[in-house]
Each structure stands twice: as structure tokens, then as C-alpha cells.
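The values are calculated or read from the model by the stated rules, or taken from the named source; none is laboratory data. Quick caveat: nothing in here was measured; it's all calculated off a predicted structure. Cβ coordinates were reconstructed from backbone atoms using ideal geometry, including for glycine residues, and neighbour counts include every protein chain displayed.
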Amino acid sequence: MRIVHNEKELLENFDIVKRESEAYFGSDQIYVEKFIKPARHVETQILADKFGNVLYLGERDCSLQRRNQKLIEESPPEWLSEYGREKLKEFTLKIASSSNYVNAGTVEFLADSDENFYFLEMNTRLQVEHTVTEMRYGLDLVKEQIKIALGNSIEDYELDPRGHSIEFRINAEDPNNNFLPTPGTITEYREPTGNGVRIDGWARTGTQITHYYDNLISKLIVWGVSREEARSKGIRCLEEYIIGGIPTTINLLIDILKTKEFVNSQIHVKFLEENFEIRDIEEDEISSDRPSKVTISLEDATNPTLAPQRPKKVGMDLTGNIKNPGIIFAEMQGTIMDTMTKQGKKVKKGDSLFVLEAMKMENVITSPIDGVIKKFNIEKGQPVKKGDLLIEIEAKF
């Protein structure tokens, strides 16, 4: 999903979106819809059996996103009015009943500031974030799917939702580097525990995160009697969650939970894009017991780097040349999906140069300076390794 504001951006992104659609869903069909700003992303959960019974399992807020992909999901949405809940319930039940739907299903909407809802899609499966609904309703939705498939009825189910649940996606990506994927080896792994804490994951110490698959490492889900209790528990668990060796979203998620916008349920889908900056680390935050993001300066060049647990030394991994900012190296292993320039062509700072695909995500690499393409070592379909010299731009002022 990509936002375009003009014809130029439409032309640049059209083929990219088609390829992403093919990679994720096996079809390159795409569609265009109205862009709403500011917008919240809200979805509803249902269970439906073959006898026409439909259970409405409430709403989830999925507005905290990066690159239009969810990072935090919670239930219920605290900002949603009772009138809004009833409208969403009405829309959802109509969709399920009119299509004779059978299974677990998720109906997704965008909402504007006046609680006008815009239908996005219905996912005829469980979502990653179904866990927050399970925590509130005390149901195992996977088990319920199987029971429905076996022909069981849900007519006599009594629902008793309680408390508040929040899910955090722990991704192998670097928030301080435009959320680029960070394949590598996990050198230390330690999960938080406690009442109302759930981890859905697969990683361990020594796990290799590769560029061939999605970069979701695990899901941390917390439950509390109130939203504030769940938020506080989320902060505690994220601070106890140790993943060494690669940058992850953990520290970013902690920062988000501490913002006044999150505390006051004022998050929208562009919150990160409009508000997130590399945060200066206070002296008392640097600990030998967990990784910290620090910035190292060398000859007027700066580079954020991850200080692993209990280090004796802190290294600096530069993906560019501090003497020549026009030299572009591959920051990750991946495949060149498209090129937008060629050797000898003039470019301006910010111009799109090529598209690099890694971990099922396409990243548009732009020119860091004004200049002329001196070396162009890539072509469409070419695999690249981290550290490969891709393009050299000669500065022209």
C-alpha cells in the first residue's frame, strides 16, 4: 500500500505495488482508493457458523503503523464512541450475513475524525493481531475455526469481554534507518514473563534471521484490567525483552508507549511518519544489560549503531563512504527489482535510483546528493549482498 500525491509518484509506484501484490498474494491486481488524513485503522472480528449464526467479537485499533504495516494493535479502541461501535457492528454483521460467511473473519475500515467509516476489505482468515481478541474474550479462535469446520454451532455462546489487551510486533528492522530489514544472527534471546503476558514467537539464541522471509520475530501480547494497566505492563515487558545481535523495534515501541499521544489515544496511521525522530539517549538509560542505540561521530560523519549487551567495545558499521557521500553500498542482502537511472545521468538529491527488495519489502533508494552517475553496477533482477558497491555519484554543485 502506497500513497501518491501526484502523477509522477503514481508512475513511480505503480509497478512497485504490482510486484509487492504478486509477492504477497500471488496476484498483481491492484486498486486505487481515497486517501484519508488523518485516519485511524479499525477492524472488527467475527465468528460465523454454517447455521447462520454470527458472533461479533468487538473492535481492534491498528492505527500505529510503519509503511502502512501494523506495529501495535489493541482492543478495544478507547477513542471509539458507542455510536461508532454500533455502526461498525451493524456494517460487519450485514457483510457476514449477506455473503453467507462461514469461518473466523476480520472486516477492516478506515475512520476519519468524525467517525465516518470507509470499508477496506474482509480478511477471510485470522489476522496476526487476533490474539488481543482472544485475551479479552477468553476464546481460542484457532480452536473455534476447527469446531466450525467440523459443523458445530456457535448459537449458545455467551460473550463476556474483559479488560484491555495490546499486541506489539517485534520486527527485525531498524527504526533509525527508515525501518530497513536487519537480517543477521540473534546472539542473545530472553523473553519477558508474568501474569497477563503472552509471547507468540519462534526465535532463540543463535536463530538466523534471513532476507528470504517476513521479518516478524515475535508478538508480545499483554492484558490488563484497564488500558493504562496494559500500557504499563507493555512498557515493563518490552524493557525486559532482550534480543541481541540485530536492531529490532523494541526500543521504538517503548518510546511510543510513553508519548502523550498514545496515552491519550490520539494515534493515527501517520503518527510515526510525522513524529518519530532518532531520540537522544540519556546517560542513565545506557545499561550493560540491554542493547542501546547510540550515535558515533567520525570525521564529521555520524552513524547510529546498536551497542550489544555488556560490550567492552562499541563498533561502527558504515554502509557509505564518509569521504564520498555519493557512494552507495547495499545495506542488506536482497534483489534489485527496478532501476530508475543509468550511468552518466544527472540526478538531484532525493531522486529515486533503484528498488531493492528484501524480506518481502521493497525499498526505494534515493540519491543522497546532487550529481552525475559515475558508476552504475546494478541491473534489474540482480541479487546483491550487504556491502556491495552499487552506485557511485560524482558531486556536482
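Taking Thr205 as meeting all but one of (1) in contact (Cβ under 8 Å) with a residue 40 or more places away in the chain; (2) surrounded by fewer than 19 Cβ atoms within 10 Å (Cβ to Cβ), write down the number of the exception.
(1)
If you take the residues of region 135-161 that are touching a residue at least 40 places away in the same chain (Cβ under 8 Å) and charged (D, E, K, R), which of them is surrounded by the most Cβ atoms within 10 Å (Cβ to Cβ)?
Step by step, filter region 135-161, then rank; the result is Arg136.
Given the conditions (1) buried (at least 20 other Cβ atoms within 10 Å of the Cβ); (2) closer than 30 Å to Gly387 by Cβ, report the number of the one that Asp214 does not fulfil.
Against the list (1) buried (at least 20 other Cβ atoms within 10 Å of the Cβ); (2) closer than 30 Å to Gly387 by Cβ, Asp214 comes up short only on (1).
Residues in region 370-397 that are part of a loop (DSSP other than H, G, I, E, B) and within 29 Å of the chain's Cα centre (by Cα): how many?
Adding up the residues that qualify gives 9.
Considering only residues that are in contact (Cβ under 8 Å) with a residue 24 or more places away in the chain, among the charged types (D, E, K, R) and part of a loop (DSSP other than H, G, I, E, B), look in region 329-351 and name the one that is surrounded by the fewest Cβ atoms within 10 Å (Cβ to Cβ).
At the first step, the residues of region 329-351 found to be in contact (Cβ under 8 Å) with a residue 24 or more places away in the chain are 329-347.
In the following step, the residues that additionally are among the charged types (D, E, K, R) were identified as 331, 338, 342, 345-346.
Those left that are additionally part of a loop (DSSP other than H, G, I, E, B): 331, 342, 345.
Working: Glu331: 24, Lys342: 9, Lys345: 13.
The selected residue is Lys342.
I'm trying to understand the selection: among the residues of region 186-235, which are hydroxyl-bearing (Ser, Thr, Tyr) and more than 25 Å from Gly138 (Cβ to Cβ)?
Looking only at region 186-235, we keep the residues that are hydroxyl-bearing (Ser, Thr, Tyr), and these are 187, 189, 193, 205, 207, 210, 212-213, 218, 226, 232.
If the condition is that a residue be hydroxyl-bearing (Ser, Thr, Tyr) and more than 25 Å from Gly138 (Cβ to Cβ), then Thr187, Tyr189, Thr205, Thr207, Thr210, Tyr212, Tyr213 are the ones that fit.
Could you grab me the full set of residues in region 168-183 that are over 30 Å from Asp140 (Cα atoms) and either surrounded by fewer than 17 Cβ atoms within 10 Å (Cβ to Cβ) or of a type in the set (Val, Ile, Thr) (or both)?
Asn177, Asn178, Thr182
Across region 43-76, what is the number of residues that are modelled with pLDDT of 95 or more, within 19 Å of Glu273 (Cα to Cα) and not charged (D, E, K, R)?
Looking only at that region, the number is 6.
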